[in-house]
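To start, the structure under review is shown below, and the notes come after it.
Nothing in this text is a laboratory measurement; each read-out follows from the coordinates by a stated rule. Computed from a predicted model, the values in this text were never measured in an experiment. Glycine also receives a Cβ, built like all others from the backbone with ideal geometry; neighbour counts cover every protein chain displayed.
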């Protein structure tokens, strides 16, 4: 399980690319915890959403062993 501090760390603290961080901010996401709580259908409708960014988001969740939990939350 991921430490709570990791969930609440900003994307900058996690070493994410500045372009990812900027786009996440436009989507209203600042932490992994924000990602875990987001409604994917709503996120996809946001004007700042792109599938390239989404792939990077999934990679980040996978890196922190949260991809399965994210997928389960979306069902």
#### Entry: Simple spin-label estimate for residue 51 and residue 72 in nanometres, 7 Å along Cα-Cβ
2.8
#### Entry: Relative counts (whole %) of C-alpha pair distances in the chain, using bins that are 5 Å wide
3, 16, 31, 29, 16, 4, 0
### Message
Based only on other Cβ atoms within 10 Å, what is the fewest-to-most ordering of 27, 43?
### Response
43, 27
### Message
Can you compute the helix-only [θ] at 222 nm over the chain? Use -39500 (n - 2.57) per DSSP H run of at least 4 residues, normalise by all residues, nearest 500 deg cm²/dmol.
### Response
-16000 deg cm²/dmol
### Chain lengthening between residue 40 and residue 22 when straightened (0.36 nm per residue, less Cα-Cα)
4.6 nm
### Task
Multiply the residue gap between residue 13 and residue 62 by 0.36 nm, knock off their C-alpha separation, and tell me the result in nm, one decimal place.
15.9 nm
